[in-house]
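Since every read-out is calculated from the coordinates, none of them should be taken as a lab result. The model shown is predicted, which means the values in this text are computed figures rather than measured ones. Here the Cβ positions follow ideal geometry from the backbone for every residue, glycine too, while neighbour counts run over all protein chains shown.
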Amino acid sequence: MKFSLFLQMERYSPDKPHQELLAELVELVQIAERGGMETVWIGEHHAMEFTIGPNPLSFLAYLAPLTSTIRLGLGTVIAPFWHPIKLAGEAALVDIMSNGRLEFGIARGAYQCEFDRLAGGLSAKDGGGHLREMVPLLPKLWQGDVAHEGQHWQFPTSTSVPKPLQAGGPAIWVAAREQESHDYAVANNCNVMVTPLFKSDEEVGVLMDKFLTACSKHPEKPQPKVMCLRHTFVHEQPEDWRIGVDGIRNWYAHFQGWAKNDQTPVNGFCKPISEQELDEMDALKPEVLKENLVIGTPESVIERLKYYEATGLTEYSFWADNSLSHEEKKKSLELFVNQVMPAFA
């Protein structure tokens, strides 16, 4: 099982400079690279300070000369917000800039507030149509000329300029939750990304069952890779679990503030839901998060991840977003790469 890092620039106060956030992101990525992580993943989000990512390709282009071995992953671009020709060309350029280290993740999108602002109010649930039309187009554009007459995009003969350094283009990863998404990814030679969010390992098992079911439906296809993204916090003293839980709980308070889509943001900030609202959600109670998320001492985290490895998971992604300070994030990541990952070498 390989390991990767997933992170954003997360900002909770206008007093925190963006340049400082960027420097902190770079430091975490370089720790991950020195520790032997396979990939760093950065996602796409718009108009929200909570998760800053107007173009993850810009982040990866910035990171390319600051790293040398870690692969650079889109985790993920949102299909309805892009034109295929533009996306193919920009991704290919980053692949060249990074000496062929790009991993290409794509999703349908999730936050309705983003669709209200960028896609004319299209339902986020309907973004799957754009994804299914986009995915087969990208390898064709990376390889040569193609004309297209589809439901969402139409264009005359065009190609990706430039072409990617990797032959055939970077590996494509599809974010999947429903069975049909897993089926689509496997049928179209894509790797799969899953996230159980705040749910327990039972949900991890459910998602892996969907992936393996999709693989069984397509025995003619090579089995793709499958990555699981989880909030992770490693601590030294047993009682320090509460630091991670409180930080992640605060992250989900902000997440719910955006996901409910019932307030007008002010300069990119939305108010988190209240402590009372958090307490009313059983899944976000501290003791439940402690059990469900990967939070613990290095020894307990190793034991937990052995289960993930046994499910057939090929990559575990350490989700660093948790609203904690940079020093707390850094300490947790260093414990993970220095004391957890060697058990899986």
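Miscellaneous remarks
- For the stretch 178-197, a residue qualifies if it is surrounded by fewer than 18 Cβ atoms within 10 Å (Cβ to Cβ) and either touching a Pro at 6+ places or on another chain (Cβ under 6 Å) or not hydrophobic (A, V, I, L, M, F, W, C) (or both), and the qualifying residues are GLU178, GLN179, GLU180, ASN188, ASN189.
- Of all residues in the stretch 117-173, those satisfying the criterion of being surrounded by fewer than 15 Cβ atoms within 10 Å (Cβ to Cβ) and among the acidic types (Asp, Glu) are ASP126, ASP145, GLU149.
- Only one of the listed residues (GLY257, GLY247, GLY268) is touching a Cys at 6+ places or on another chain (Cβ under 6 Å) and within 30 Å of PRO54 (Cα to Cα). That residue is GLY257.
- Count of residues meeting criterion [in contact with a Leu (Cβ under 9 Å, 6 or more places away or on another chain) and either assigned to a helix (DSSP H, G or I) or surrounded by fewer than 22 Cβ atoms within 10 Å (Cβ to Cβ) (or both)] in the stretch 45-85: 17
- Single match in SER123, SER98 (criterion: among the hydroxyl-bearing types (Ser, Thr, Tyr) and under 23 Å from THR195 (Cβ atoms)): SER123
- Residue satisfying all of: in the stretch 12-42; touching a strand residue (DSSP E or B) at 6+ places or on another chain (Cβ under 6 Å) and touching a residue at least 40 places away in the same chain (Cβ under 8 Å); nearest to GLY73 (Cα to Cα) among these: TRP41
- Test: ALA88 is touching a Lys or Arg at 6+ places or on another chain (Cβ under 7 Å) and part of a helix (DSSP H, G or I): no
For (1) within 30 Å of GLY312 (Cα to Cα); (2) under 18 Å from the mean Cα position of the chain (by Cα), each residue gets a yes or a no:
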site: PHE3; (1), (2): yes, yes
site: MET9; (1), (2): no, yes
site: ASP15; (1), (2): no, no
site: GLU20; (1), (2): no, no
site: ILE42; (1), (2): yes, yes
site: MET48; (1), (2): no, yes
site: PRO80; (1), (2): no, yes
site: ASP95; (1), (2): yes, no
